[in-house]
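Please read the structure below before turning to the comments.
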Amino acid sequence: MVDHVFTDLTLAALYERLNPWGPGDDFYLGLVLRARSVLDIGCGTGQLLRRARAEGHLGRLMGLDPAPAMLIQARRGRPDVEWVLGDMRTRLWNGEFDLAVMTGHAFQELVGDEEIRSCLQAVRAALGDGGRFVFETRNPAARAWERWTPERVHEITAGDGTPVRVWHEVHSDGLVDGRVRFTETYEGDTWPAPQVCHSVLRFLDEESLGGFLAEAGLTVVEQYGDWGRGPVTPAGPEIITVARPS
C-alpha cells in the first residue's frame, strides 16, 4: 500500500516544501554525479535526479515510484529523466546500474520481512559489477518517533500562497516489533477539513540490516551515522549504508 500523502495530488505538490533540499540530498547528489547509470528507488517527486540532470549528468537516470501523484511532479520538472511507475517488482533489471539509491528514508516504508527481501534481491540483480546500493534508515537507538508529537507543528506555504500546517502523532504504543504507526495531519486555511494520513515505518538496527543485505547477496562496505560521514552511534540520527554485490 502507498501512503495517502503520496497519492493525493494536493499533498504531493507540498512534498518538497515540507522536505526542502538538505545535507542528505548533497550527500546523494555527489554519488549520483559520479555514476554513469542510476536507479532511484522510491524517487518521489524526483528532486535528486532532476538536480543531477540540471548539473550536467549525461548518463542514464531512472526514477521509480509507486505513487502516480509524485511522478506527476517529477515529470513536470524534468521530462528528460526516465520516470517509472511501480516498485522493484515492476521490471527485472539485470546489471544495468552503477548505483541504486533509496533516499528520504524510503527504505523504512518496507515494513515486512518479505518486502525487504524482495526489494534487496531485485536491487542486487539491478547492479552491475562494482555497483553500489546506498540508502539510509533512522537509527532506532535515537528514538526519533518520540519527537513526533502534535505540539511540533510545521507551517509551510502552498503554491497559491496559503499556509498549511503539518503535524505528526504516534500511536500510544510507540515502537512495536520494530514498527512505528503514526498519523500525519495536513490542515489548510482554505481546506474544508484536515487531511489525515496513516503510516507505518520499520526501524532496523545495524545487525538486522546487515543480515537482510547478506541474505540478498549484498555486503556492507561503509556505514555512517550522519551526513558528515561520522560513525554510527547510539545518539546518531541515521544509519547510512553503502553496500556492494558480494
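The values are calculated or read from the model by the stated rules, or taken from the named source; none is laboratory data. Note that the coordinates shown come from a computational prediction; the quantities given were computed from them, not determined experimentally. Using ideal geometry, Cβ is built from the backbone for each residue, glycine included, and neighbour counts are taken over all protein chains shown. Remember, those area values only see protein heavy atoms, side chains included, never the ligands or the DNA or RNA. Shrake-Rupley method; radii C 1.70, N 1.55, O 1.52, S 1.80 Å.
Would you calculate, for the chain, the mean residue ellipticity at 222 nm contributed by helices, counting each DSSP H stretch of 4 or more residues as -39,500 (n - 2.57) and dividing by all residues, to the nearest 500? Display every interim value, and only then the final one.
Values: 8 runs with 65 residues, N = 246.
After summing the helix terms and dividing by the residues of the chain, the value is -7000 deg cm²/dmol.
Counting Lys and Arg as +1 and Asp and Glu as -1, each charge on the Cβ, what is the dipole of the stretch 41-97 about the Cα centre in debye, to the nearest 20? Write down the numbers at each step before the final one.
Working: 9 positive and 6 negative charges, 28 e Å.
Taking the Cα centre of the stretch 41-97 as origin, the dipole is about 140 debye.
Using a 7 Å offset from the Cα along the Cα-to-Cβ direction at both Glu222 and Arg76, what is the distance between the two label points in nm, to one decimal?
It is 3.6 nm.
Given the peptides 129-140, 19-30, 105-116, arrange them by the average over their residues of other C-beta atoms within 10 Å, most packed first.
129-140, 105-116, 19-30
Debye calculation, C-alpha points only, no solvent: report log10 I(q)/I(0) for the stretch 164-226 at q = 0.23 Å⁻¹, in the same order as the q values.
-0.94
Could you compute the FRET efficiency for Arg17 and Ser246, with r as their C-beta to C-beta distance and R0 at 35 Å, rounded to 0.05?
The pair Arg17/Ser246 has a calculated efficiency of 0.30.
Take the Cα atoms of the chain, build their convex hull, and give its volume per residue in Å³.
Once divided by residue count, the hull of the chain is 124 Å³.
Counting only DSSP beta bridges with both residues in the chain, tell me the antiparallel percent, nearest 5.
Percent antiparallel among DSSP bridges in the chain is about 65.
Suppose all protein chains stay in the model; what accessible area per residue would a 1.4 Å probe give for the chain, in Å²?
That works out to 47 Å² for each residue.
If you put +1 on each Lys and Arg Cβ and -1 on each Asp and Glu Cβ, how big is the dipole of the stretch 1-71 around its Cα centre, in Debye rounded to 20?
That gives a dipole near 360 debye.
Which ³J(HN,Hα) values in Hz, rounded to whole numbers, follow from the phi angles of the stretch 12-17 under the Karplus curve 6.51 cos²θ - 1.76 cosθ + 1.60, where θ = phi - 60° and Gly and Pro get x?
Per residue, the Karplus-derived 3J(HN,Hα) values read 4, 5, 8, 4, 6, 6 Hz.
Could you give the length gained by full extension between Ser118 and Thr233, i.e. 0.36 nm per residue of separation minus their alpha carbon distance, to one decimal place?
Extra length available between Ser118 and Thr233 comes to 38.5 nm.
Before anything else, pin down the relative contact order of the chain: Cα pairs under 8 Å, at least 6 apart, normalised by residue count, whole percent.
Details: 492 pairs, mean separation 42.1, N = 246.
Relative contact order, the chain: 17 percent.
I'd like the Karplus ³J(HN,Hα) series for the stretch 44-59: coefficients 6.51, -1.76, 1.60, θ = phi - 60°, whole numbers in Hz, and an x wherever there's a Gly or Pro.
Once rounded to whole Hz, the list reads x, 7, x, 4, 5, 5, 4, 5, 4, 5, 5, 8, x, 5, 9, x.
Could you calculate the FRET efficiency of Arg34 with His171 from 1/(1 + (r/R0)^6), where r is the beta carbon distance between them and R0 is 30 Å, rounded to 0.05?
Here the calculated transfer efficiency is 0.15.
Could you pull out which residues in the stretch 220-238 have an amide N less than 16 Å from a spot 7 Å beyond the Cα of Asp26, following the Cα-Cβ vector?
226-230
Of the accessible area of the chain, with the probe set at 1.4 angstrom, what percent is carbon plus sulfur? Spell out each step's value before the answer.
Values: 5750 of 11610 Å².
Percent of accessible area from carbon and sulfur atoms in the chain: 50.
At 7 Å along Cα-to-Cβ for each site, give me the label-to-label distance between Thr190 and Asp205 in nm.
Rounded to a tenth, the inter-label distance reads 5.0 nm.
Take Glu55 and Arg152, extend 7 Å from each Cα along the Cα→Cβ direction, and tell me the distance between the two endpoints in nm.
Each label point lies 7 Å from its Cα, and together they span 2.8 nm.
Let me check I've understood the local charge: for Ile239, count other residues with C-beta under 13 angstrom from its C-beta, Lys and Arg +1, Asp and Glu -1. What total comes out?
In short, -4.
Would you mind classifying the stretch 141-246 by shape? Square roots of the alpha carbon gyration tensor eigenvalues, ordered a ≥ b ≥ c; an a/c under 1.5 is rounded, otherwise it is prolate if a/b is larger than b/c and oblate if not.
Prolate is the answer for the stretch 141-246, as a/c is 1.5 or above and a/b outweighs b/c.
So what are the ³J(HN,Hα) numbers for the stretch 69-85, from phi and the Karplus equation (6.51, -1.76, 1.60; θ = phi - 60°), rounded to whole Hz, Gly and Pro as x?
So the Karplus estimates, Gly and Pro as x, are 4, 5, 6, 4, 5, 5, 5, 4, x, 7, x, 8, 10, 6, 10, 10, 7 Hz.
How high is the FRET efficiency from His198 to Asp129, r the C-beta distance, R0 41 Å, rounded to 0.05?
Efficiency at R0 = 41 Å is approximately 0.45.
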